[in-house]
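The values are calculated or read from the model by the stated rules, or taken from the named source; none is laboratory data. This structure is a prediction, so every number in the text was calculated from the model and none was measured. Because the Cβ atoms are built from the backbone with ideal geometry, glycine has one as well, and the counts that use them run over all protein chains shown.
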Amino acid sequence: MEQTFIMIKPDGVQRGLVGEIIGRFEKKGFYLKGLKLITVDQSFAEKHYADLSAKPFFNGLVEYIISGPVVAMIWEGKNVVTTGRKIIGATNPAESAPGTIRGDFAIDIGRNVIHGSDSVESAKKEIALWFPESPVNWQSSVHPWIYE
Ligand code: GDP
Ligand code: MG
């Protein structure tokens, strides 16, 4: 089944939003397949955001991501990449709909609380980068109550 990489950024951890955010993915019906609280260093953050290295905000973005612990997660389910991005909301919280994580909990684009992979291909790359160890293999017993 499809997987995505979701990361609660340092502001989300500092502001005590971890439980709220995990709850939204759990209650939707997605399965948690990886979870860790870690701090990353500059070269790791630059690798994660390599596609944005030419952007004027790149250095600030890297500083932000390494400024404190983050919660790195793998979530699994049908269309979880696209649906995960919808749960998260638009990149700029000023444009994120109410009911989305960024719409409900963020103000500035440079403090937008959460990351989610933008495609199945990026999800695979990001999961490999953040979870080099073999993931825990488990299946949810409620599967038939969520999927027809
Ligand atoms: P995302 O996939 O929605 O997270 O957005 P992007 O991949 O385009 O950008 C990655 C992250 O860089 C965003 O989540 C923001 O934290 C940050 N970012 C993007 N655009 C800007 C910008 O114009 N200014 C600042 N300060 N940060 C930005
Ligand atoms: Mg992105």
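If you check S96 against the conditions, is it surrounded by fewer than 16 Cβ atoms within 10 Å (Cβ to Cβ) and either in contact (Cβ under 8 Å) with a residue 60 or more places away in the chain or of a type in the set (S, T, N, Q) (or both)? Spelling it out, it is not the case that S96 is surrounded by fewer than 16 Cβ atoms within 10 Å (Cβ to Cβ) and either in contact (Cβ under 8 Å) with a residue 60 or more places away in the chain or of a type in the set (S, T, N, Q) (or both).
Would you point out which residue out of T91, T82, T39 is under 12 Å from I114 (Cβ atoms), surrounded by fewer than 18 Cβ atoms within 10 Å (Cβ to Cβ) and without any contact (Cβ under 8 Å) to a residue 40 or more places away in the chain? Just a single option satisfies the conditions, and that option is T91. Among residues of region 124-138 being loosely packed, with under 11 Cβ neighbours inside 10 Å and at pLDDT 95 or above, the one that is nearest to ligand 1 (Cβ to nearest atom) is A128. The set of residues from region 35-71 being under 19 Å from A123 (Cα atoms), charged (D, E, K, R) and within 15 Å of ligand 1 (Cβ to nearest atom) comprises E46, K47, D51. Considering only residues in region 86-123 that are of a type in the set (A, V, I, L, M) and more than 24 Å from K47 (Cα to Cα), the one that is nearest to ligand 1 (Cβ to nearest atom) turns out to be A106.
How about region 122-145: which of its residues are charged (D, E, K, R) and outside any loop (DSSP other than H, G, I, E, B)?
Result: K124, K125, E126.
Per this entry, G16 is not counted among residues that are touching a residue at least 40 places away in the same chain (Cβ under 8 Å) and small (G, A, S).
Note on region 125-138: residues that are without any contact (Cβ under 8 Å) to a residue 24 or more places away in the chain and either within 15 Å of ligand 2 (Cβ to nearest atom) or within 13 Å of the chain's Cα centre (by Cα) (or both) amount to 1.
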